[in-house]
Amino acid sequence: MSSSRANFELLSASRDDSKIWHFQSGKESFLSQIHPKKKPINAARWNHNHTLIATGSEDGSVYMSEASGHIIHEFNQSHAVRSLAFSGRSEFLCVGGKGGECKVWDLKTRQASDFRGHEGDVTSVVFGRADMLIASGGSDGRIMTHNVVHNTPTIVAVNGPASMP
């Protein structure tokens, strides 16, 4: 789930679709439904200004949609999607997936860079403030940082705290 404080909207993901709910004065109303494929949806995220939504599925598809539900683009991963994160200005989308797959999509060129280092599923991804670093966590117990500019991973912790150089 992901929320938009400015508009009091909640984005929820479920087995078959993603929905946007609008809350005002204690009442909820259904705004739109996103995701045409019938595969379980594992992740859904708003972009930085709450105008775009990314959803990721078990079949490896990632959809970029407007809040109305209109699909703008489909990105394809090799493995199931586990986590999504937009960069601070929504120039990039990071997708963590099954089998250690972690991709960063340039949303203008629609080209992807791969990051490797996890030995299990990448279950969480987040951009740093300057959009130069990505932190990722995985089912292998590793927490890693990935330098977007130099395409280099660094293991920060394995199954607990690690000393920093």
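The values are calculated or read from the model by the stated rules, or taken from the named source; none is laboratory data. Everything numeric here is computed off the predicted structure, so don't read it as measured data. These area figures cover heavy atoms from the full protein model, side chains too; ligands, DNA and RNA do not enter into them. Shrake-Rupley method; radii C 1.70, N 1.55, O 1.52, S 1.80 Å.
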> Quick one: Debye curve from the C-alpha atoms of the range 56-160, no solvent, what's log10 I(q)/I(0) at q = 0.16, 0.23 Å⁻¹?
Replying inline: -0.64, -1.25
> Given the protein chains as shown and a 1.4 Å probe, how many square angstrom of Thr152 are accessible, to the nearest 10?
Replying inline: 60 Å²
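With all protein chains present, how much of the accessible area of the range 37-104 (probe radius 1.4 Å) comes from carbon and sulfur, to the nearest whole percent? Walk me through the numbers on the way to the answer.
Working: 1180 of 2530 Å².
Roughly 47 percent, rounded to a whole number.
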> Given H placed on each backbone N at 1.01 Å, which residues far from Ala80 in sequence or on other chains put an amide H within less than 5 Å of it?
Replying inline: Lys98
>> For a quick check of understanding: with a 1.4 angstrom probe and all protein chains in place, what accessible area in square angstrom does Asp131 have, to the nearest ten?
In response: 10 Å²
